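These notes concern the structure reproduced below.
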Amino acid sequence: MTKPNIQRSNEIYARAKDIIPAGSQTFSKGVTQFVEGFAPKYLHRGKGAYVWDVDENKYLDYIMGCHPIVLGYCDEDVNNAIIDQLGRGTTFSLMNELEVDVTEKIIDTVPCAEAARFGKNGADATSVGVRIARAVTGRDHIAYCGYHGWHDWYIANTDLNSGIPEFNKQLAHSFNYNDLDSLEQIFKAHPDEVAIVIMEALTILEPKDNFLHEVKKMAHHYGALLMFDEIITGYRFAVGGAQELTGVTPDLTSLAKAISNAVPLSAICGKKEYLFALEKTFFSFTYGGDCIGLAAASAAIPKIKENNVPAHLWRVGEVLQTGFNTLVKDLGLDDFFQCLGYPCRTIISFNGQGRYDDLEMKSFLQQELLREGVLWAAYHAISWSHGDKDIAFTLNAYETALKKFKDVVDKGLDLRSQIDGIPVRPVFRKVADFNSYTREKK
């Protein structure tokens, strides 16, 4: 592929940009996160690990809907469960047995789960977890590490906080991964006021010195609950998520994404003594028991467990990660690029070494991978559908793209002039341990 034809994408976007604020429903899917003028803007269909845009360009996808498509697009078992449920109804006037069935499946697979309630987005689950902790402890403050969604309590401390009352900033406090002192400082600054420690237990860095065990110990010492945000890690890093891998069982857990192979569903689960606080605080909405997401989860969870899908993600992900890091080393580019993280979900880090802008490096690599038929946003959300041939195809695409970058370096070319469009723009969100370690060497 040379430069992809994106005429239809551009026509649709011309209709959208004046009537849809920001042009997109999801920030990370919008035009600012891709090389505008080069990358496709709209996808039309997907199957397995592949997608086709509205101009019929085909790509091997590593974004996978921002991580939830853990089995692959149009998984037959999940689709059949949805179709079967559609024939019976989607939302009813009374409860549906699927609510009980999927709760039992969560209890069977997630170590901390003794009870569960459902939402539609990850932020529903993280925010009700905060509410539960506040109800249980009678406290208002939050200690957090990672990204936890769009609600006021979290977004107040980002730079997209217009319209959020100022008091929210005073109640939420960020601590750093692998830094117990930064967490304890929050407890000491707000004695008997912190209700919950909420964190992404595993992202890219590995916990050091029993970090997660010590976080749990510290939270309980100071009278707070511990919640793991397993929106990404649940049913991906292991069937039972990060808590299964690490052996650290939190009080509460938020789940979404892979739980239903991308059909809208989220869950808050945890110990009964805490979950049943929801009988005394309000968490209710029309689509809380929507049967389509629940039907998808009723098929996805057993399939993930029976096929040990996470083991496949780790295996092919290891080949991809090792292959990439070998490539950059052989090309003499390992000072500029690294593939970091757990094999089931890796990122590419960029270090311009004072010579190149990191976002321009990302944009250039994204552009050249698109030419090779790979849709990419600097991470690898590998699925059950990504096979050995797909990994080999990806490494060949990386080799072609990286050789072009090496040519830029060797010839002293201006990198910006090699980008055929507007480069990727900065991401707003604060993720405590994400921006700090992308320059670190293993």
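The values are calculated or read from the model by the stated rules, or taken from the named source; none is laboratory data. Given the structure is predicted, the values throughout are model-derived calculations rather than measurements. Glycine also receives a Cβ, built like all others from the backbone with ideal geometry; neighbour counts cover every protein chain displayed.
Looking at segment 184-203, which of the residues that are within 29 Å of I347 (Cα to Cα) and not acidic (D, E) is surrounded by the most Cβ atoms within 10 Å (Cβ to Cβ)? Out of the qualifying residues, it is I198. The test for being under 19 Å from G122 (Cα atoms) and under 22 Å from the mean Cα position of the chain (by Cα) holds for L202. Of the residues making up segment 151-164, none is in contact with a strand residue (DSSP E or B) (Cβ under 6 Å, 6 or more places away or on another chain), under 25 Å from G270 (Cα atoms) and modelled with pLDDT of 95 or more. Criterion applied to L370, L413, L359, L340 was being among the aliphatic types (A, V, I, L, M), farther than 21 Å from E318 by Cα and not in a helix (DSSP H, G or I), and the one residue passing it is L413. Scanning segment 328-350 for residues that are closer than 18 Å to A401 by Cα and in contact with an Asp or Glu (Cβ under 6 Å, 6 or more places away or on another chain) yields a total of 2. Against the test of being among the hydroxyl-bearing types (S, T, Y) and touching a Phe, Trp or Tyr at 6+ places or on another chain (Cβ under 6 Å), the options Y42, Y62, Y73, Y50 yield a single qualifying residue, Y62.
Taking I107, is it under 26 Å from the mean Cα position of the chain (by Cα), within 18 Å of K305 (Cβ to Cβ) and of a type outside the set (D, E, K, R)? It is true that I107 is under 26 Å from the mean Cα position of the chain (by Cα), within 18 Å of K305 (Cβ to Cβ) and of a type outside the set (D, E, K, R). If I filter segment 385-392 for residues that are closer than 13 Å to L415 by Cβ and assigned to a loop (DSSP other than H, G, I, E, B), do I get at least one hit? Checking segment 385-392: not a single residue is closer than 13 Å to L415 by Cβ and assigned to a loop (DSSP other than H, G, I, E, B). Within segment 393-417, residues that are more than 17 Å from R371 (Cβ to Cβ) and modelled with pLDDT of 95 or more sit with their Cβ atoms under 9 Å from residues that are of a type in the set (D, E, K, R) and surrounded by 16 or more Cβ atoms within 10 Å (Cβ to Cβ), at 6+ positions apart or across chains, in these pairs: R416/E360.
Is there a residue being more than 18 Å from the chain's Cα centre (by Cα) and charged (D, E, K, R) anywhere in segment 244-252? For segment 244-252, residues more than 18 Å from the chain's Cα centre (by Cα) and charged (D, E, K, R): present. Residue check: is D229 more than 30 Å from G87 (Cα to Cα), in contact with a Lys or Arg (Cβ under 8 Å, 6 or more places away or on another chain), surrounded by 24 or more Cβ atoms within 10 Å (Cβ to Cβ) and of a type outside the set (V, I, T)? Taking the combined requirement at face value, the residue does not satisfy it. Taking the criterion of being farther than 24 Å from W314 by Cβ and touching a residue at least 60 places away in the same chain (Cβ under 8 Å), the residues of segment 168-218 that qualify are S174, F175, N176, A195, I196, I198. Residues in segment 232-248 that are more than 18 Å from A381 (Cα to Cα) and buried (at least 24 other Cβ atoms within 10 Å of the Cβ): Q243 only.
Applying the criterion of at least 2 residues that are acidic (D, E) and outside the structural domain of I204 (by TED's automatic domain parsing) to the helices (runs of 4 or more DSSP H) found wholly in segment 215-334 leaves 309-330.
Between L340, L294, L359, L320, the distinction of being modelled with pLDDT of 95 or more, in contact with a helix residue (DSSP H, G or I) (Cβ under 7 Å, 6 or more places away or on another chain) and closer than 23 Å to A397 by Cβ belongs to L320 only. When A81 is tested against (1) outside the structural domain of I232 (by TED's automatic domain parsing); (2) out of contact with any Pro (no Cβ under 8 Å at 6 or more places or on another chain); (3) touching a residue at least 40 places away in the same chain (Cβ under 8 Å); (4) over 19 Å from E372 (Cβ atoms), just one condition goes unmet, and that condition is (1). Contact annotation: residue pairs with Cβ atoms under 7 Å, 6 or more positions apart or on different chains, pairing a residue in segment 287-314 that is over 17 Å from Q85 (Cα atoms) with a partner that is among the basic types (K, R) and part of a loop (DSSP other than H, G, I, E, B), are P310/R236; L313/R236. Considering (1) in contact with a helix residue (DSSP H, G or I) (Cβ under 6 Å, 6 or more places away or on another chain); (2) within 27 Å of D209 (Cβ to Cβ), the lone condition that S174 does not fulfil carries the number (1).
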